[in-house]
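Undergrad: Okay, here's the structure, questions in a sec.
Please treat every number below as a calculation from the coordinates, not as lab data. This one's a predicted model, so the numbers in the text were calculated from it and none came from an experiment. Note that we place each Cβ from the backbone using ideal geometry, even for glycine, and neighbour counts take in every protein chain shown.
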Amino acid sequence: MSEIFYKVRNGSRFPVGISVTNDGVNFCIFSRHASQVELLLYENINSQLPFQTIKLDSVHNHSFFFWHVFVEKLPTGTCYTWKMDGLKDTTETGRMFFPHKELLDPWALSVSNVGWSRQVACQTESSGGGMRAIVVDPPSSTESTSLNSLDGGWIEGAIIYEMHVSGFTLHPTSNVQHPGTFSALKEKIPYLKELGITHVELLPISAFDPQDVPKNVASRGLSNYWGYSTHSFWAPHPDYCVDILHAVSEFREMVDAFHDAGIKVIMDVVFNHTAEGGNGGPVINFKGMFNDIFYHLDAIDRKRYLDFTGCGNTVNCNHPIVSSYIVQCLEYWVETMGVDGFRFDLASVFTRGELGVPMSTPPLPWAIEFSKTLANAPLIAEAWDAAGLYHVGAFPGMAWSEWNGRYRDIMRRFVKGDPGLIGEVASRLTGSADMYKNDCRTPANSINFITCHDGFTLNDLASYNHKHNEANGEDNLDGSNDNHSWNCGCEGETTDPEIIELRQRQAKNVIAILMLSRGVPMLLAGDEVLRSQKGNNNAYCQNNEISWFDWSLTKKNSGMLRFTIEMIAFRKRHPSLTSNSYFSGDESQSAHGITDITWYDKDLKTPNWNDPESRVLVFTIARVSAEEQDLHVIFNMSETAIELRIPTLSGNTWELAIDTSRPNPTDIKPYPTSIPVNDSYKVEKRSIVVLESVDTILQ
């Protein structure tokens, strides 16, 4: 252990956290009610004891609600923790101090979890659990890349790819140098570039607690894999780094590599709860510094946490200090770390005020949207919480996009074969104008998805009628029971060639619907190669081959991969699909004087939108530029093939572009030869057909 003791000065309350200068390091921490504060310094992440403990003076190191000290010539790589004492917890205040606990800086830019024990951290009289903050000098701020013209910062043709940073490269087939790290992800950028996606949406990468799982789950050797258990919102997760001491630079280098490839980076952030849980949960940082401010507490018994998240606690997001903490954290990830946008987990918590009561005009969503730094950043709300708030179509703010849960549910039911849905399918397909248009929002406010990390994969959606979460150790009680899935005739794996073919067709139907919809489509990583979780629809604790991306599937299911690549390319070739405006139903939005969208029934008549038995939707989309083609689209989710008449267009004929019932590579252009379509076309059961117009004058 080093015997060096560093000189100290009073320090400054700006900025909160640490600030590295040529002269040393300024430390500042917030605690309104602490009466005694100590800073503990460790030589490195493996040091057993601090080499210096600095007791802060309540006069010289204390400004308003901030405690601060400047340590001269302190080198980067030094680790530190805080200790605080004050008025003990009472039912009336909810203030809690643990004088024996070493606390992690909530503003830490880098953290170490060497020696971390959640079990020890749950013991109120213990000194802590092992986590420490690391003094780092962050990279210089960068001017964030402008994301073009659409509301919320979306680019024309934007396609999101939701992925787990670690699980994307942990499988033995990944063939990367450092599996499971930010560095390894750089090696897979060529694959993502070929796929055609424009944005990666990374499951939580802020430092979280992998040990935050129920005891019966932990007893199976399982851990918190998804990462929705954040404790240090400003710091990259140390387990995703090759070298913890270079966590900040490793993350930034990954982001720069994505940008060099023309791909934007969206972070999934979890500001609705923390890893500290409720009563009996560990003391990591917020509980021991400003528990009564940071969390929603019961009005009568302030020792009790209000839980609107299902995770033990709820962040008091609209308290001024907490709102400032969140906004400044987001600005740091954009300005310094180069991130392009954010997806907010259980974002309806952002609308809860004192005691968790919903507010009509909550400050936080507007503060995020009005930040100059975040003005061009896509902001995506998971617009619900675990206590019943549901804001899909009505999340506060203007530019916020939303995970469109209504789109997901109706499209799953439609592909499954439920009848009588064509009216709502048409609304979701065309940008959900009924949800957003009257509030001056656009199709880009709708993030269209059918699968995501939370639920069945695309393969499993067509392979299981019921969840199979037994491997989680919770008696299959966890995860949603409402999946709107269909196993195509056999539960789980099968060798039946007809069922296998039907499942692949259903998967192609889902990809086709996503890419034919106005709004911003989102794909779940691995769906393009039919990755399976063996029916597990809540694999949050499965850091193993159940969740990992198996790269051998890119060859085994190359036909599905090719279809997805071509379907994405097809979407990008058609501005009529990527346009961020709603269909008007008139001629003004098309390029050659026909109605921009025309709906048909099987006989080319106006459809009966209220037909309780219909499972067929037919429509023509007019080109919006002279360089593209008109599209005629047929969704047949019925159990029988149908021969449909094809509408005529003056000066044009039709060619087949997509038929999900056909085998690879004839299911989607480019074909070896063109396939003309004249007066009618036979559309097989449970399939999608798309025709492209051909200008006969140019032939």
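Undergrad: For region 591-651, what does the convex hull of the Cα positions come to per residue, in cubic angstrom?
TA: Values: hull volume 5.9 nm³, N = 61.
Roughly 96 Å³ of hull volume per residue.
Undergrad: If you don't mind, another one. Using the Cα centre of region 364-474 as the reference point, and only Cβ charges (+1 on K/R, -1 on D/E), how large is the resulting charge dipole? Debye, rounded to the nearest 20.
TA: Numbers: 10 positive and 13 negative charges, 74 e Å.
Using only the charged Cβ atoms, the result is roughly 360 debye.
Undergrad: Note the full-extension length gain between residue 610 and residue 9 as 0.36 nm times their separation in residues minus their Cα-Cα distance, in nm to one decimal. Intermediate results must be reported in sequence, preceding the final value.
TA: Working: separation 601, 0.36 × 601 = 216.36 nm, distance 7.48 nm.
Taking residue 610 through residue 9 to full extension adds about 208.9 nm, to one decimal.
Undergrad: Go through 647, 309, 380 and say which Cα lies farthest out towards the positive end of the charge dipole of the chain; charges sit on Cβ, +1 for Lys and Arg, -1 for Asp and Glu.
TA: Result: 309.
Undergrad: Let me ask something else about it. Please label the shape of region 576-698 as rounded, prolate or oblate, based on the square roots a ≥ b ≥ c of the eigenvalues of the alpha-carbon gyration tensor (a/c under 1.5 means rounded; beyond that, a/b larger than b/c means prolate, else oblate). It would help to have the intermediate numbers written out before the result.
TA: Details: a/c = 1.70, a/b = 1.10, b/c = 1.54.
It is oblate, given that a/c is not under 1.5 and a/b is not larger than b/c.
Undergrad: Let me ask something additional. Which percentage, to the nearest 5, of the DSSP beta bridges contained in the chain is antiparallel?
TA: Details: 70 of 94 bridges.
Bridges in the chain that DSSP calls antiparallel: roughly 75 percent.
Undergrad: A further question follows. Compute the Cα gyration tensor for region 8-134, then decide on rounded, prolate or oblate, letting a ≥ b ≥ c be the square roots of its eigenvalues: rounded whenever a/c is under 1.5, prolate when a/b is larger than b/c in the other cases, and oblate in all that remain. Before the final figure, lay out the partial values.
TA: Values: a/c = 2.01, a/b = 1.11, b/c = 1.81.
The shape class here is oblate.
Undergrad: Suppose R0 equals 41 Å; then what is the FRET efficiency for residue 373 and residue 671 from their Cβ-Cβ distance, rounded to the nearest 0.05? Intermediate results must be reported in sequence, preceding the final value.
TA: On the way: r = 48 Å, r/R0 = 1.16.
The value I calculate is 0.30.
Undergrad: Kindly write out, for region 325-340 in residue order, the coupling ³J(HN,Hα) from the Karplus curve 6.51 cos²θ - 1.76 cosθ + 1.60 (θ = phi - 60°), rounded to whole Hz, with x marking Gly and Pro.
TA: For region 325-340, the Karplus curve yields 4, 5, 5, 5, 5, 4, 5, 4, 5, 7, 5, 9, 9, x, 5, 9 Hz.
Undergrad: Then there is this: So what's the gap between the Cα centers of region 523-545 and region 69-112, to the nearest angstrom?
TA: Measuring centre to centre over Cα atoms gives 38 Å.
Undergrad: Using packing as a proxy for protection, rank 638-649, 391-402, 121-132, 319-330 so that the peptide with the highest average count of other Cβ atoms within 10 Å comes first. Write down the numbers at each step before the final one.
TA: Details: 638-649: 14.7, 391-402: 21.1, 121-132: 19.5, 319-330: 18.0.
So the peptides 638-649, 391-402, 121-132, 319-330, ranked by packing, come out 391-402, 121-132, 319-330, 638-649.
Undergrad: Rounded to the nearest 500 deg cm²/dmol, what is the calculated helix-only ellipticity per residue at 222 nm for the chain, with -39500 (n - 2.57) per DSSP H run of length n ≥ 4?
TA: Values: 16 runs with 139 residues, N = 699.
When only DSSP H runs of four or more count, the value is -5500 deg cm²/dmol.
Undergrad: Which value in nm describes the separation of the simple spin-label points at residue 648 and residue 122, placed 7 Å from the Cα toward the beta carbon?
TA: About 7.5 nm, to one decimal.
Undergrad: May I ask you to list the residues of region 72-101 whose amide nitrogen lies under 19 Å from a point 7 Å from Cα along the Cα→beta-carbon direction of residue 47?
TA: From region 72-101, the list is 72-84, 101.
Undergrad: Could you work out the relative contact order of the chain? I mean the mean sequence separation of Cα pairs under 8 Å and 6+ apart, divided by the number of residues, in percent. Working shown, then result.
TA: Working: 1637 pairs, mean separation 72.1, N = 699.
So the answer I get is 10 percent.
Undergrad: Right, something else. At what distance in nm do the modelled label points of residue 626 and residue 678 sit from each other, each positioned 7 Å from its Cα along Cα→Cβ?
TA: 3.2
Undergrad: Once you have a ≥ b ≥ c as the square roots of the Cα gyration tensor eigenvalues for region 466-556, tell me rounded if a/c is under 1.5, and otherwise prolate or oblate according to whether a/b is larger than b/c. Walk me through the numbers before you get to the answer.
TA: Working: a/c = 1.44, a/b = 1.31, b/c = 1.10.
Rounded is the answer for region 466-556, as its axis ratio a/c remains below 1.5.
Undergrad: Sequence-distant or interchain residues sharing an amide H contact under 5 Å with residue 159, placed H: which?
TA: The answer is 198, 199.
Undergrad: List 464, 582 from most exposed to least, where exposure is judged by having the fewest other Cβ atoms within 10 Å.
TA: Values: 464 25, 582 18.
By the 10 Å Cβ count, ascending, the order reads 582, 464.
Undergrad: Separate question: Going by how many other beta carbons lie within 10 Å of each one, how would you line up 165, 59, 349, 114, fewest first? Working shown, then result.
TA: Values: 165 24, 59 8, 349 29, 114 15.
Ascending Cβ contact count within 10 Å gives the list 59, 114, 165, 349.
Undergrad: I need the peptides 43-49, 383-389, 210-216 ranked by packing, meaning the mean over residues of other C-beta atoms within 10 angstrom, with the highest value on top. Kindly include the intermediate steps, with their values, before the conclusion.
TA: Numbers: 43-49: 13.7, 383-389: 18.6, 210-216: 16.7.
Highest to lowest by the protection proxy: 383-389, 210-216, 43-49.
Undergrad: If Lys and Arg each add +1 and Asp and Glu each add -1, what is the summed charge of the other residues whose beta carbon sits under 14 Å from the beta carbon of residue 271? It would help to have the intermediate numbers written out before the result.
TA: Details: positive: 343, 352; negative: 268, 276, 331, 345, 382, 385.
Surrounding charge for residue 271 is -4.
Undergrad: So if I take the centroid of the Cα atoms in region 350-376 and the same for region 472-501, what is the distance between those two points in Å?
TA: Each part's Cα centre sits 39 Å from the other's.
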